[in-house]
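Down below is the structure, laid out as structure tokens.
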Amino acid sequence: MTTTSTLLMGAGMGLGLIAAVGAQNAYVLQRSIRGDVAMVPIVIFCVLSEAALILLGVAGVGALVESAPAAITVMKWFGVVFLLAYGAFAASRALRPGSGLQVDGDARIPSTLGAVAACAAFTWLNPHAYLDSAVFLGTLANQQAGDLRWVFAAGAFLAGTAWFALIGFGGRALRGVFTRPGAWRVLDAGIAVMMVVLAVGLIRG
């Protein structure tokens, strides 16, 4: 395969995995809609984390993760607890009118450190992040001849960068819709359901 086709294949596969609805994407989009001042560090953290996971996969750590089921089990249950806890918080916001619904000047928006720490938990406590970005993309990349594996990885990284920039900064375009408290309640209810579904998926799979 040529360099261009390998780059495009890496971008397509990377986007297909990264853009799937998940806890990390939901969190980034929610913070973006709220106009969080920490969006730049959040997006940078997501991009760097994705780069690290892809690098681990291409470097061969994906095979190590596959051969250590005990580590996957520990990560799975940490992820389940975290997802259920966050889902409970989202459900409580959805059930309490006027709770954290302001778009501007929301005192409930965490500090920059707190916002990035929450994003880190959604990223690194999620077993799917390792399986998708490290194991799956790493395996596909290592099927490319010679240095083309790094071209494939570069395509996946570029796709991830574009995606996180889109949801991280594009969510502000939806702020007009979310000036209504009811819209926030619907969003929080949807996030609560999504967290429970993801947790159940981890338990079952």
* So, in nm, how far is label Ala52 from label Val177 when the simple model puts each one 7 Å beyond its Cα toward the Cβ? -> 3.2
* Distribution of pairwise C-alpha distances over region 126-205, 10 Å bins, in % -> 15, 27, 30, 20, 7, 0
* Structure fact -> Here region 113-127 yields Karplus 3J(HN,Hα) values (6.51, -1.76, 1.60; θ = phi - 60°; whole Hz; Gly and Pro given as x) of 5, x, 5, 5, 5, 5, 5, 4, 5, 4, 7, 8, 9, 9, x
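Read-outs: derived from the displayed coordinates by stated rules, not from any lab. What you see is a predicted model, and the numbers here were worked out from it, not measured in a lab. Note: ideal-geometry Cβ built from the backbone for every residue, glycine included; neighbour counts use all protein chains shown.
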